[in-house]
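Rule-based calculations on the coordinates, nothing more; no lab input. Note that the coordinates shown come from a computational prediction; the quantities given were computed from them, not determined experimentally. In this analysis, Cβ positions are derived from the backbone assuming ideal geometry, glycine residues included, and neighbour counts consider all displayed protein chains.
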Amino acid sequence: MPLIGKASPEDLNIHSSQYQWARKLYDQAIANTWYPHEITLKEDLEDWSRMTDEEKHAVSFIMSFFNPAELIVNRVLALGVYPYLKAPECHLYLAKQMWEEANHCVAFEYVMETFPLDQAKLYHAHIETPSMQAKEEFVGQYLKRMTEDRYDVSSVEGRKDFVRNLVAYNIVMEGIWFYSGFMVMLSFRQRNLLRNFGSMINWVLRDESLHLKFGIHLILSILEENPDLLTAEFADEIRGIITRGVDLETTFNSDLFPNGILGLNADYVNQYVRYVADRRLEELGLGPYYNVTNPAKWMSSATDVYELVNFFESQNTNYEVNARAHKK
Ligand code: MN
Ligand code: FE
């Protein structure tokens, strides 16, 4: 059974799952289930009152992007991914992922409601801030093609659009932008601040590392099943989508850190973004583009989800290793 296409009545049985990685990721995702109110923010509120305006701006700026972004991912999954997959084990996993994105949205809302913040300003930031709007429009443009009447997943152009959309929302948004935000938010815990919020971010990060794993499996499997997509031109285009995502994040980071905070500024975060983008390029079997070192090596040791984060952050997974892993 090919991965993409029109689902038929035969595609409703998970008993003999062909794509075992999807089934395994579902079980892993279920085991990772958590709830926002398991986190108490009392100590974090005390930390908050001692933080500088620049520090508060950084945390709230990222949350005002993340909160709606979680629901954008769900829109993309519901309208641009789920309808074009045949494998029921993929539908199984996506059902859990969609609950997780909803849970993340509620989790950020919980923090945004608990910290003394200008709520109206916070919830409107993604509509009014050009650097956030640009990121949303980037993802939106690829989803739009998936929802047009003439869209046909069985044509070469349709399958290319399916992959472009996957690269935009999964590799760029979930795999690069989200990781950059996690790093900034977790940097406070490195300074003994916002530790409970940090635990929550760890849980979100643990979920996102599976979302990313699922997306990479999807992309690699689709490329494997559709050799007509494997052209140098299309590889260049995928690389271009990723580097455009990095450029958008660089602009966003100037608004995130107009002046920098203790131990962190836009250049530092931009270098991390480029480092992570190179890892994603490698995971897709494309060579690194930026060739920079990881400025935030503490990221892998700062999380208690070491083995999951490690899968993407610390290993130099090349195409062969990854291609082998995704067949299992
Ligand atoms: Mn999420
Ligand atoms: Fe996600």
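For the stretch 262-301 versus the stretch 231-253, the inter-centroid distance based on Cα atoms is 14 Å. Karplus-derived 3J(HN,Hα) values for the stretch 134-150, using 6.51 cos²θ - 1.76 cosθ + 1.60 with θ = phi - 60°, are 4, 5, 5, 5, 4, 5, x, 5, 6, 5, 4, 4, 6, 9, 6, 4, 7 Hz; glycine and proline are entered as x. Scattering from the stretch 181-273 was approximated by placing one identical point on each alpha carbon and applying the Debye formula without solvent; log10 I(q)/I(0) at 0.11, 0.14, 0.24 1/Å stands at -0.49, -0.72, -1.21. Return the single residue from Y142, Y19, Y151 with maximal mean-square fluctuation; model: Gaussian network over the chain, springs between Cα atoms under 10 Å. Evaluated over the chain, the most mobile residue of the options is Y151. For the pair Q141 and T40, a Förster radius of 41 Å applied to the C-beta separation gives a FRET efficiency near 0.50, rounded to the nearest 0.05. Distance from the Cα centroid of the stretch 96-155 to that of the stretch 195-226 is 17 Å (rounded to whole angstrom). Put simply, when 114-121, 80-87, 258-265 are sorted by average Cβ atoms within 10 angstrom per residue, most first, you get 80-87, 258-265, 114-121.
Cross-link reach is defined here as a Cα-Cα straight distance under 24 Å, omitting same-chain residues fewer than 8 places apart; for K86 the lysines meeting it are K6, K24, K96, K144, K160, K213, K327, K328. Modelled spin-label separation between E224 and D53, with each label point placed 7 Å from Cα along the Cα-to-Cβ direction: 5.4 nm.
Taking other Cβ atoms within 10 Å as a rough exposure proxy, S300, S155 sort from fewest to most as S155, S300. Its Kirkwood hydrodynamic radius, worked out from the mean inverse distance over all distinct Cα pairs, puts the chain at 20.2 Å. Ordered by the count of other Cβ atoms within 10 Å of each Cβ, fewest first, R279, R50 give R50, R279.
For the chain, what is the relative contact order in percent, using Cα pairs closer than 8 Å and at least 6 residues apart in sequence? It would help to have the intermediate numbers written out before the result.
Numbers: 377 pairs, mean separation 72.1, N = 328.
Answer for the chain is 22 percent.
Taking Cβ atoms as reference points and 15 Å as the exclusive limit, the residues near Y268 contribute a net charge of -1, counting Lys and Arg as +1 and Asp and Glu as -1.
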